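Structure record follows, encoded as structure tokens.
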Amino acid sequence: MAYEKHWANNENLNNTELAKLDKDGLKILEDIPEYAKNGFDSIPKDQWDLFKWAGLYLQKPKEAGYFMMRVNVPSGILTRPQVEALAGIARDYGRDVIDITTRQAIQFHWLTIEQIPDIFDRLEAVGLSSTGACGDITRNIVGNPISGLDPNELFDTTDIVKAVYDFFQRNEDFSNLPRKYKVSISANLGNASNAEINCLSFTPATKEMEGELKKGFHVKVGGGLSSRPFLAQTLDAFVLPEQTLDVAIAVTTIFRDHGYRDKRHHARLKFLVADWGKEKFLEKLVELVGPLPSQGDEPEDGWNAGYFYGIHDQKQDGLKFLGFNVPIGRMHTDELFELARVSGKYGNGEIRTCNSQNLIIPNIPEENVEALLLEPIFERITIKPNSFIGHAVTCTGNEYCNLALVETKERMRAVAEALDKRIELDVPVRMHMVGCPNSCGQRQIADIGLQGVLMRNADKEMVEAYELYVGGTLHDGGKFNEKLKGRVPAENLTDVLEQLLSHFKSKKNQHETYFDFVNRMGLSTIQTAYDHILEQVG
């Protein structure tokens, strides 16, 4: 190895860290072919966690031997051959289930160890990989899903994202980090990459240097969600595009060498940044990369939350990109094959995924737009979704996830579709549902966050329920939503939300967003209304 594991003698290392000292997570890639030959029972239980470095998690229940696979899609950009390869994997091995994640990746379910080598071969043949999509390693690089096409970006980040992603792929110098490590790189002025909730983010910036206006990045560090969420802090530095990889390597090195390894729940970069402060962190960064200019200006155009519905002009004359809703981020094999066909027939075959769990079809000549939209596939996957289903985000839930306490995917679909029938608003309300505190569905940044819990009902039976959080955003630096007291049994969730949204409708100003409404009314006022609703419904 090219670096020293100076933490190796730490007597307080947690068990995961001790195991990683014995065997690097990426080494599981060497073992998988043998396990595939001999079947799931040949895999020792103490090796199960290492599969994360290959992008694989054991589904619930683990002993059944089925894997979830997450496939990296840097910046969400997929070519037609890649789309067809993904659809083929779902058809042949994944029981027809394809999920788009909140980090622009693709997830499969129901995979067996015997199938994994062929899936790896199929992915490699089209330039895709699941390696590093999970584990204590650099995850998928989130970016602007319309980079290179976007009239609202400072500059094209496609090649920058690729360079950073390629550097960290299978790089054993950086495959033993204290915990998962999430990076975003985007020059979209609408913060399409949700910069504030990533460990490391590069965001668009300009600076006057030697009489010339330079375009580059500001650097945010220490964001993250889970049970103790932090918003990323902006360092007093300006980074030119050509410096991005060096800065990314340096920040990752700091995390690797100084991040906490005693307690798993305290090992994310956000805790190191919170303890050090951004000034000390910048000092350490400058030690590694040399002097950096101070901050410049931040051009911005609000926060689009990764939503691009409708028909939009590209930078390129005569070309359009179209933003579509994928309800709860889930597709089926025939739909993905059809999307590949349609995108190739009317455009250049590309499809791009968004962190809102939706997709974009770019590079459509203006004269082809009308014919494309007449294709039957776009009756369900539509550019004009109903408001609630169009702004519903979910994690995987207890259908497959060992950590989730409750159902999320189909329940969120049912709730959103019911609300679309019952109530109409003049603004969208973003609802994110998560099955546990890890918050893969990013509930902290939602207008209304729904976090799954278990509770005893009147008959003392344990039932699925939800806690509600209100008033989240990443606009203007971000603010996490706040918890309302009280739990809602799953069977009452739709009725409670309907009444909470009716309260919003009756008290809001015209075109007032839910975030602004919560801020204006105050949490205590919302809580009073919520208490009354729970009494009525309960």
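The values are calculated or read from the model by the stated rules, or taken from the named source; none is laboratory data. Quick caveat, the model's predicted, so the values are computed rather than measured. All Cβ positions, even for glycine, are placed from backbone atoms using ideal geometry, and neighbour counts span all protein chains on display. These accessible areas exclude ligands, DNA and RNA; they are computed on the full protein's heavy atoms, side chains included. Shrake-Rupley method; radii C 1.70, N 1.55, O 1.52, S 1.80 Å.
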**Request:** Calculate, for the chain, the solvent-accessible area per residue in square angstrom, rolling a 1.4 angstrom probe over the heavy atoms of the protein chains.
**Result:** 40 Å²
**Message:** I'd like the Karplus ³J(HN,Hα) series for segment 67-81: coefficients 6.51, -1.76, 1.60, θ = phi - 60°, whole numbers in Hz, and an x wherever there's a Gly or Pro.
**Reply:** 10, 8, 10, 10, 10, 5, 9, x, 6, x, 8, 10, 7, 4, x
**Message:** Whole-Hz ³J(HN,Hα) for each residue in segment 265-278, computed from phi via Karplus 6.51 cos²θ - 1.76 cosθ + 1.60 with θ = phi - 60°, x for glycine and proline: what do you get?
**Reply:** 6, 10, 10, 5, 4, 4, 6, 5, 4, 5, 6, 6, x, 5
**Prompt:** Considering only segment 380-468, what is the antiparallel percent among its DSSP beta bridges, to the nearest 5?
**Reply:** 50 percent
**Complete:** Cα convex hull volume per residue for segment 167-310, in Å³, equals 127 Å³
**Request:** Note down the net charge around R422, summing +1 for each Lys or Arg and -1 for each Asp or Glu among other residues with Cβ under 12 Å from its Cβ.
**Result:** -3
**Request:** Treating only the Cβ atoms of Lys and Arg (+1) and Asp and Glu (-1) as charged, compute the dipole magnitude of the chain about its Cα centre; round to the nearest 20 debye.
**Result:** 1180 debye
**Request:** Per residue of segment 87-99, in order, report the coupling 6.51 cos²θ - 1.76 cosθ + 1.60 (Karplus, θ = phi - 60°) as ³J(HN,Hα) in whole Hz, putting x for Gly and Pro.
**Result:** 4, x, 5, 5, 5, 7, 10, x, 6, 6, 10, 9, 10
**Request:** Mind giving me the FRET efficiency for L21 and E367? R0 is 41 Å, r the Cβ-Cβ distance, nearest 0.05 is fine.
**Result:** 0.10
**Asked** Taking every eigenvalue of the Cα gyration tensor of segment 84-140, multiplying by 5 and rooting it, what semi-axes result, largest first, whole Å?
**Response** 18, 13, 12
**Message:** Below 18 Å, Cα to Cα, which lysines can K162 reach? Residues fewer than 8 away in the same chain don't count.
**Reply:** K182
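May I ask what percent, to the nearest 5, of DSSP beta bridges between residues of the chain are antiparallel?
Counting DSSP beta bridges with both partners in the chain, the antiparallel share is about 80 percent.
Based on the Cα atoms of segment 238-352, what semi-axes does the equivalent ellipsoid have, where each is the square root of 5 times one gyration tensor eigenvalue, given in whole Å with the largest first?
Rounded to whole Å, the semi-axes are 40, 22, 14.
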**Fill in**
Subtracting the Cα-Cα distance of E300 and N457 from 0.36 nm times their residue separation yields 51.8 nm
**Prompt:** So between K485 and K345, what do we pick up on full extension, going 0.36 nm a residue minus the alpha carbon distance?
**Reply:** 45.2 nm
**Asked** Between A133 and residues 5 or more places away or on another chain, which pairs have amide H atoms under 5 Å apart, with H built 1.01 Å from N, and which residues are they?
**Response** G55
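Report, to the nearest whole %, how much of the accessible area of segment 198-334 belongs to carbon and sulfur atoms, 1.4 Å probe, protein only. Don't skip to the end; give the middle numbers.
Numbers: 2630 of 5680 Å².
C and S fraction of accessible area: 46 percent.
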**Asked** Can you list the residues of segment 252-279 with backbone N under 15 Å from a point 7 Å past the Cα of V286, pointing along Cα to Cβ?
**Response** 278-279
**Message:** Run the helix sum for the chain: -39,500 (n - 2.57) per DSSP H stretch of 4+ residues, divided by residue count, reported at 222 nm to the nearest 500 deg cm²/dmol.
**Reply:** -9000 deg cm²/dmol
**Distant-in-sequence amide H partners of M433 (H built 1.01 Å from N, under 5 Å)** = V393, T394, C395, L450
**Complete:** Neighbours of F51 by Cβ distance under 12 Å: Lys/Arg at +1, Asp/Glu at -1, summed charge +2
**Proximal lysines to K5, defined as alpha-carbon separation beneath 16 angstrom and excluding residues fewer than eight positions away on the same chain** = K20, K23
**Item:** Environment charge at Y3 (Cβ cut-off 11 Å; Lys +1, Arg +1, Asp -1, Glu -1)
**Value:** -2
**Mean Cβ count within 10 Å, highest first, over the residues of peptides 152-162, 267-277** = 267-277, 152-162
**Item:** Gain upon complete extension [L403, R422; 0.36 nm per residue less C-alpha separation]
**Value:** 3.6 nm
**Fill in**
Given the candidates Y466, S193, M455, the one whose Cα lies deepest towards the positive end of the charge dipole of the chain, counting +1 at each Lys or Arg C-beta and -1 at each Asp or Glu C-beta, is M455
**Complete:** A 1.4 Å probe over the protein heavy atoms gives segment 5-133 a carbon and sulfur accessible-area percentage of 47 percent
**Message:** If packing is taken as the average number of other Cβ atoms within 10 Å across a peptide's residues, how do 488-497, 298-307 rank, most packed first?
**Reply:** 488-497, 298-307
